[in-house]
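**Q** Right, I'll just put the structure down here and ask away after.
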Protein chains: 2
Amino acid sequence: MAKKLDYEYCKAAPMLEWLGNKWALVVLMKISENGPVRFNELYRTIPSVSEKVLSQVLRQLTTDGIIRRELFPDVPPRTEYSVTEFGKTLLPHVEALLNWGRENFEQIIKNRQKHY
Amino acid sequence: MAKKLDYEYCKAAPMLEWLGNKWALVVLMKISENGPVRFNELYRTIPSVSEKVLSQVLRQLTTDGIIRRELFPDVPPRTEYSVTEFGKTLLPHVEALLNWGRENFEQIIKNRQKHY
DNA sequence: CTGTATCCTAAAAGATACTG
DNA sequence: CAGTATCTTTTAGGATACAG
């Protein structure tokens with residue numbers, strides 16, 4: 001990803017950055033669905049993601065203020081991730097998009113087959 | 001992109017495929033905004049995309065039935081891309097997401113700075 | 001438990017030249 | 001004009017080990 005998105009859309013670029021991340025939306029939805037959730041909990045519920053990528057996604061979403069990271073001074077350490085109020089304003093749009101994708105799954109597959 | 005998205009979200013995966021493409025959404029919106037549009041027209045209105053990537057995105061969106069490609073038997077050749085009826089059912093959700101991104105641009109930047 | 005660091009591979013993006 | 005082919009660079013993603 002070297003080149004920049006052009007001016008007209010650049011204001012949406014910060015969002016598009018993690019939208020382009022393969023796992024970001026899935027991670028976000030999992031946190032939203034399951035409420036406050038711990039690192040390993042996420043790691044287990046998304047079996048095919050690696051620790052590294054999961055941690056990257058979590059950091060990015062946290063930095064952008066979409067999710068919140070709470071660290072409890074327990075032993076062993078415990079952290080919980082949850083969606084912030086800011087993140088909640090985004091959720092409906094993400095859900096709408098994912099729902100469209102699910103609802104039109106068959107149609108898309110059919111369209112692809114037409115082009116062999 | 002080696003690993004698969006997990007079952008719960010795999011139905012949305014075909015859509016996520018091109019959602020993950022850096023340029024797909026921009027190309028889609030440009031076509032939607034400008035009506036039927038030709039290849040070089042797009043190439044010029046999205047200055048920072050390469051011909052190759054543009055052509056890839058166009059083919060992918062065409063294959064999935066989101067946009068339509070019409071070839072006119074003119075000399076020199078002329079093609080026009082436009083959004084299909086199917087694609088139009090997707091547009092509102094993409095627009096909503098892009099709008100959110102634009103509206104919250106400042107907030108995201110501010111959030112990032114807090115984390116230095 | 002919750003991550004980070006390192007190293008490696010696969011995939012996407014980009015530049016450029018060329019064809020129908 | 002509307003792309004495709006080729007080649008190189010860049011970036012994302014993954015495996016694994018290990019640190020606080």
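The values are calculated or read from the model by the stated rules, or taken from the named source; none is laboratory data. This is a predicted model, so every value here is computed, not measured. All Cβ positions, even for glycine, are placed from backbone atoms using ideal geometry, and neighbour counts span all protein chains on display.
**Q** Say whether the condition of being surrounded by fewer than 17 Cβ atoms within 10 Å (Cβ to Cβ) and not polar (S, T, N, Q) is met by at least one residue in the stretch A:21-32.
**A** no
**Q** Does at least one position in the stretch A:46-59 carry a residue that is loosely packed, with under 12 Cβ neighbours inside 10 Å and more than 21 Å from A:Asn21 (Cα to Cα)?
**A** Within the stretch A:46-59, not a single residue is loosely packed, with under 12 Cβ neighbours inside 10 Å and more than 21 Å from A:Asn21 (Cα to Cα).
**Q** Considering (1) of a type in the set (Ser, Thr, Tyr); (2) within 14 Å of the chain's Cα centre (by Cα); (3) part of a loop (DSSP other than H, G, I, E, B), say which one A:Thr62 fails and leave the rest.
**A** (3)
**Q** I've got another one for you. Quick check on A:Gln107: is it away from DNA strand D (no atom under 15 Å from the Cβ), surrounded by fewer than 20 Cβ atoms within 10 Å (Cβ to Cβ) and among the polar types (S, T, N, Q)?
**A** Yes, satisfied.
**Q** Scan (1) basic (Lys, Arg); (2) facing chain A (nearest Cβ under 9 Å); (3) touching a residue at least 12 places away in the same chain (Cβ under 8 Å) for the single condition B:Arg38 breaks and write down its number.
**A** That leaves (2) as the condition not met.
**Q** Also: So, in the stretch B:70-90, how many residues would count as being more than 9 Å from DNA strand D (Cβ to nearest atom), of a type outside the set (Gly, Ala, Ser) and in contact with a strand residue (DSSP E or B) (Cβ under 7 Å, 6 or more places away or on another chain)?
**A** 3
**Q** Okay, next question. For the stretch A:57-72, what are the residues that are of a type in the set (Asp, Glu), touching a helix residue (DSSP H, G or I) at 6+ places or on another chain (Cβ under 6 Å) and more than 16 Å from B:Asn104 (Cα to Cα)?
**A** Residues satisfying the conditions do not exist here.
**Q** Now, a different point. Find the residue count for the stretch B:44-57, including only residues that are more than 10 Å from DNA strand C (Cβ to nearest atom) and under 18 Å from B:Pro76 (Cβ atoms).
**A** Going through the stretch B:44-57 one residue at a time, the tally reaches 1.
**Q** Can you list residue pairs whose Cβ atoms sit under 6 Å apart, with the first residue in the stretch A:13-28 being within 9 Å of chain B (Cβ to nearest Cβ) and closer than 19 Å to B:Val26 by Cβ and the second being more than 8 Å from DNA strand D (Cβ to nearest atom) and in a loop (DSSP other than H, G, I, E, B)? Count only pairs 6 or more apart in sequence or on different chains.
**A** Pairs found: A:Ala13/A:Leu5; A:Gly20/B:Lys22.
**Q** Please list, ordered by first then second residue, the pairs with beta carbon atoms under 8 Å, 6 or more apart or interchain, first in the stretch B:48-65 and more than 10 Å from chain A (Cβ to nearest Cβ) and over 10 Å from B:Ala24 (Cβ atoms), second crowded, with 17+ Cβ neighbours inside 10 Å and not acidic (Asp, Glu).
**A** B:Leu54/B:Trp23; B:Leu54/B:Val27; B:Leu54/B:Phe39; B:Leu54/B:Leu42; B:Leu54/B:Ile46; B:Ser55/B:Phe39
**Q** Which members of the stretch A:69-90 meet the condition of being surrounded by 16 or more Cβ atoms within 10 Å (Cβ to Cβ) and within 11 Å of another protein chain (Cβ to nearest Cβ)?
**A** A:Thr84, A:Phe86, A:Gly87, A:Leu90, listed by residue number.
**Q** B:Lys30 - would you say it is farther than 16 Å from A:Leu19 by Cβ and within 13 Å of the chain's Cα centre (by Cα)?
**A** yes
**Q** Can you pull out the residues in the stretch A:22-38 that are at pLDDT 90 or above and within 10 Å of DNA strand D (Cβ to nearest atom)?
**A** A:Ala24
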